[in-house]
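Only one structure is covered here, and it is reproduced in the block below.
The values are calculated or read from the model by the stated rules, or taken from the named source; none is laboratory data. Note that this is a predicted model, so its numbers are computed, not measured. Cβ sites come from the backbone with ideal geometry, for glycine too, and all protein chains shown count toward neighbours. When the accessible area is computed, the model is the full protein with side chains, heavy atoms only, and any ligands, DNA or RNA have been set aside. Shrake-Rupley method; radii C 1.70, N 1.55, O 1.52, S 1.80 Å.
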Amino acid sequence: MLLESVEYARPDTVEQALTLLSQREGAAPLAGGQSLVNVLKHRVASVELLVDISRIDELRRIEARSDGGLEIGACVTYDELDGSDAVRASHPLLADVAGHIEDQQIRDRGTIGGNCCLSDPTNNLPPLLVALDATMNIRSRSGGVRQVAAEDFFHGYFSTAVGEGELLCSITVPPLPSPGGAGYSTVSLGADSKALARAAALVRGNGVIEDARVVLACFSAAPMRHHGMEAALRGAPATAEAVAAAAAGIGDGLDPPGDVHASTDYRRALAPVVARRAVCQAIGNGGDERG
Ligand SMILES: Cc1cc2nc3c(=O)[nH]c(=O)nc-3n(C[C@H](O)[C@H](O)[C@H](O)COP(=O)(O)OP(=O)(O)OC[C@H]3O[C@@H](n4cnc5c(N)ncnc54)[C@H](O)[C@@H]3O)c2cc1C
């Protein structure tokens, strides 16, 4: 289907974008357009003014922070994350995950901010950012910067902590724990198919797991931490056997959706598989997927 006629503006600054978004009813930010344009073509939503934020310099920067973390502009593309020396140096897993999203065309246009603001429960980046304990920096015309933990940012499909007239401007990713690491695992029907189950993990410790964050995605409307598995990992030896024991049965308490690709029971059975793989990768012991 063709796009219905819509007004288009390309502001040069965040302030100009926020002015347009707050003053014009029916205005929406356009980042990579990979999802929003499809939604408009299919008449699932309508927008009167597309505010193209994709070329605002301030939103396209990647900054290596002095604490070893990163400040990533919302309009940084997956390809830029993948190719960034700063991201590769401090958070190679983030670069790898971005570099495996769909195909080159999607990676050239899709942005980290759009991926998060779309808030599709199957998208690649939300569970990883929750596991990494990232902070989402949101701006409005009236206020300053509102900081929201990634864990509280995702509410469900197309629903996030970003309010009317606001913009997600950047994402702060703290340094990885030292000693420690991060891991990520996906099960999908095929290399280019939608994910059936994802998990991301962050582990602190060496030899013994001092602390862990385990995040599941595709099991509910938004990424969810599995506090039970995290508690079971705390104080456990950093071995594949101990991780498998902590992951055992974690799907039982979940109520994931069933669809034509995977039943509820099948998704429950996948939960310990992806969680175990993600944590094993984080401890550098038997992780085998990044997808
Ligand atoms: C064929 C295809 C396959 C795909 N496969 C995958 C996949 O495997 N994994 C995956 O993760 N994604 C996948 N995607 C989704 C793709 O990654 C999208 O690019 C992404 O979800 C949205 O990013 P975008 O920059 O294109 O945002 P847009 O489409 O421009 O925007 C998406 C939504 O977010 C809002 N928005 C965007 N940026 C901001 C901001 N800074 N502040 C506030 N609101 C904002 C927009 O108003 C809109 O509502 C796929 C898309 C397509 C078309």
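Rounded to the nearest whole Å³, what is the per residue volume of the convex hull around the Cα atoms of the chain?
124
Carbon and sulfur atoms: what percent of the 1.4 Å accessible area of the stretch 7-52 do they account for?
48
How many Å² of accessible area per residue for the stretch 99-216, probe 1.4 Å?
Here the per-residue accessible area is 39 Å².
Within a Cβ distance under 13 Å of R204, other residues only, what is the Lys/Arg minus Asp/Glu net charge? Walk me through the numbers on the way to the answer.
On the way: positive: R213, R234; negative: D133, E210, D211, E230.
Net charge around R204: -2.
Could you tell me what percent of the accessible area of the stretch 180-282 is made up of carbon and sulfur, with a 1.4 Å probe and every protein chain present?
52
Be a star and scan the stretch 224-251 for residues whose amide nitrogen sits under 18 Å from the point 7 Å along the Cα-to-Cβ vector of D265.
Label zone hits: 249-251.
Normalising by the residue count of the chain, find the relative contact order in percent from Cα pairs under 8 Å and 6+ residues apart.
Values: 689 pairs, mean separation 44.0, N = 291.
For the chain, the relative contact order is 15 percent.
Using a 1.4 Å probe on the protein heavy atoms, what percent of the accessible area of the stretch 57-173 belongs to carbon and sulfur?
42
Looking at the P(r) of the stretch 7-52, how many percent of alpha-carbon pairs lie beyond 13 Å?
Values: 532 of 1035 pairs.
Above the 13 Å cut-off, the stretch 7-52 has 51 percent of its Cα pairs.
In whole angstrom, how long is each semi-axis of the equivalent ellipsoid of the stretch 57-173, when you take the square root of 5 times every eigenvalue of its Cα gyration tensor and sort them from largest down?
20, 17, 13
Can you give the helix-only mean residue ellipticity at 222 nm for the chain, where every DSSP H stretch with n ≥ 4 adds -39500 (n - 2.57) and the sum goes over all residues, rounded to the nearest 500 deg cm²/dmol?
That comes out to -8500 deg cm²/dmol.
Please give me, ordered by residue number, the GluC sites (Glu not before Pro) of the stretch 66-121 that lie in loop per DSSP and have at most 14 other Cβ atoms within 10 Å.
Taking the stretch 66-121 and a limit of 14 other Cβ atoms within 10 Å, the loop GluC sites (Glu not before Pro) found are E102.
Restricting to Cα pairs below 8 Å that are 6+ residues apart, what does the relative contact order work out to for the stretch 145-291? Please round to a whole percent.
26
So, in Å, what gap is there between the alpha-carbon centers of the stretch 96-113 and the stretch 21-60?
Answer, in whole Å: 18.
Taking the radius of gyration and the Kirkwood hydrodynamic radius from Cα positions alone, what is the Rg/Rh ratio for the stretch 1-98, to two decimal places?
1.07
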